[in-house]
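The next block holds one structure in the form of structure tokens; read it before the comments.
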Amino acid sequence: MHNNERQTRAKRIRWGIAGALLLAAGFTALFLFPPGLHGPERSAGEFLQTLIAAPADVERLRSAAHIAATDDPQALLQGLSTDVTLNFLRARQTQGSPQDIRVVARQQPTPERYGVTLRVSDANVTDTATFRYFVGRFETAANGEWRLVAVRAAD
């Protein structure tokens, strides 16, 4: 019986050490890979949010898109439907409707190109008819950052 108690205690110690190592690995993973959007997804979300909330804030738009200080962020917008959809979303925001922007798809057809599809919806409405979609196209810049090259409303 004395030997059995030692084996039980040794098992508890091993399980305790294993649990502590697993917990430490989890915290390390969270530190190295924090949750949330990164890279092109984050840039696309910030750019679209700024386009809706503060379209005149050119510096913030340039920063989100990673474009030069001489580039016009409005030149990234493609098509009349994009302008109409943005105006609709701005009007909804002016009316007090909070908006939720989420990444719903990602594509990387080549190492130098990346595509992000964003869904904008009223935060308080679950009806899918209120969803609006945008596609952002990215290319790698000379410094290795993802640079936004086009944004369009999607059907």
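Every number in this text was worked out from the coordinates using simple rules, so none of it is lab data. These numbers come from a predicted model, not from an experiment. Cβ sites come from the backbone with ideal geometry, for glycine too, and all protein chains shown count toward neighbours.
Per-structure values
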| quantity | calculated |
| --- | --- |
| Net charge of Cβ neighbours under 12 Å - reference ASN124; Lys, Arg +1; Asp, Glu -1 | -2 |
| Contact order relative to length of the stretch 39-154, as percent, for alpha carbon pairs under 8 angstrom and 6 or more apart | 27 |
| Distant-in-sequence amide H partners of SER97 (H built 1.01 Å from N, under 5 Å) | none |
| √(5λ) per eigenvalue of the Cα gyration tensor, the stretch 39-154, largest first, Å | 24, 16, 11 |
| In Hz, Karplus ³J(HN,Hα) per residue of the stretch 88-104 (6.51, -1.76, 1.60; θ = phi - 60°; x = Gly, Pro) | 4, 5, 5, 5, 4, 5, 4, 6, x, 8, x, 10, 10, 10, 9, 7, 10 |
| Which of ALA150, ALA91, THR128, positive extreme of dipole for the stretch 39-154 (C-beta unit charges) | THR128 |
| Whole-Hz ³J(HN,Hα) from phi, Karplus 6.51 cos²θ - 1.76 cosθ + 1.60, for the stretch 139-155, glycine and proline x | 9, 6, 8, 4, 8, x, 6, 7, 10, 6, 10, 6, 9, 9, 6, 10, 7 |
